[in-house]
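The values are calculated or read from the model by the stated rules, or taken from the named source; none is laboratory data. Since we're looking at a predicted model, the values are computed, not measured. Glycine also receives a Cβ, built like all others from the backbone with ideal geometry; neighbour counts cover every protein chain displayed. Protein only, heavy atoms only, side chains kept; ligands, DNA and RNA dropped before computing areas. Shrake-Rupley method; radii C 1.70, N 1.55, O 1.52, S 1.80 Å.
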Amino acid sequence: MPDPAYGPALAVVCVTYSPGDSLAEFVSSLEKATARPYRVVLADNGSVDGAPEAAAAADERVELLRVGENVGYGAAANRAVAGLPADVGWVLVANPDIVFGPGCLDTLLDAAARWPRAGSLGPLIRTGGEVYPSARLQPSLGRGVGHALFAAVWPANPWTRSYRQEGAVAERTAGWLSGSCVLLRREAWDSVNGFDPRYFMYFEDVDLGDRLGRAGWLNVYVPDAEVVHTGGHATERDAPTSSRMLAEHHRSAYRFLADRYRGARWAPLRLALRAGLGLRARSGARSAF
């Protein structure tokens with residue numbers, strides 16, 4: 001059922017930053033993903049490859065929103081959602097390197113009818129031929145430390161398996177859902193003011209899932225809906241870009257945890273987290289979360 005404040009219409013928000021050829025496949029795959037009318041808003045963070053302009057020119061359902069600078073994933077998505085009309089009650093936020101499976105958006109919307117408190121719903125995501133653990137528990141210090149210490153040498157350790165929820169195949173609730181492809185109830189989105197724009201990249205989805213949960217909404221994993229994530233097109237072009245993204249990953253990890261351990265009492269913990277994450281960043285490793 002549509003939310004009282006909004007109509008039942010569907011919009012797709014895609015944040016772009018010189019997405020290359022992947023964007024055309026993204027747009028074309030939407031045709032088979034839903035039988036419902038939809039509009040697409042490309043929130044462009046300063047592309048120079050012409051791909052967003054070409055996509056908008058090729059399909060009248062695609063609108064190009066030029067942000068004017070690279071403000072990050074969450075902030076660009078926020079701007080796009082803010083500009084949607086009141087008839088749009090459902091917003092799918094996705095990366096441009098997503099390929100939608102047949103009927104997957106309709107499957108997510110059908111699941112939303114079964115879960116009236118679902119604020120976000122996420123599909124099964126395949127990447128590199130494997131199922132990506134896109135529906136996880138919220139990160140905790142205990143799970144994080146265990147995962148950080150043992151994931152590389154003991155992939156099947158209980159802390160990693162618990163956090164990543166590997167092997168869970170049924171429709172279920174989760175602590176957070178991957179922001180690379182997530183359907184959002186607009187009423188729920190409004191209730192938490194969307195993504196936190198302080199996260200330039202990474203952890204904006206972890207933070208959103210946590211805030212939705214605290215506001216009384218559910219994050220629901222729907223594995224019957226399936227997409228393919230073809231890879232980090234924009235972040236794998238060159239060493240400087242990869243280095244910056246690694247730094248942003250650790251910066252965002254620290255921000256997420258520091259926000260949840262505020263005050264003088266937790267100052268030593270925040271100091272230890274900053275030092276540990278800084279060391280991992282310099283070693284070239286992803287953070288524990």
Packing-ranked peptide list from 82-88, 39-45, 262-268, highest mean Cβ count within 10 angstrom first, is 39-45, 82-88, 262-268
Starting from the Cα gyration tensor of the range 24-97, take the square roots of the eigenvalues, sort them a ≥ b ≥ c, and report rounded, prolate or oblate (rounded when a/c is under 1.5, otherwise prolate if a/b is larger than b/c, else oblate). oblate
Over what distance in Å are the Cα centres of the range 60-111 and the range 9-38 separated? 8 Å
Could you check the simple spin-label distance between Arg260 and Ala82, using points 7 Å along Cα→Cβ, in nm with one decimal? 2.7 nm
Rg [Å, one decimal], Dmax [Å, integer] - the range 84-138, C-alpha atoms: 12.9, 38
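Where Lys and Arg each count +1 and Asp and Glu each count -1, what net charge lies around Pro123 among other residues with Cβ under 10 Å from its Cβ? The partial results should precede the final answer.
Values: positive: Arg126; negative: Asp224, Glu226.
Net local charge, Pro123 excluded: -1.
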So, with a 1.4 angstrom probe, what is the percent of accessible area on the range 28-137 that is carbon and sulfur? 53 percent
At 7 Å along the Cα-to-beta-carbon direction for both Asp110 and Arg172, put a label point, then send me their distance in nm to one decimal. 2.2 nm
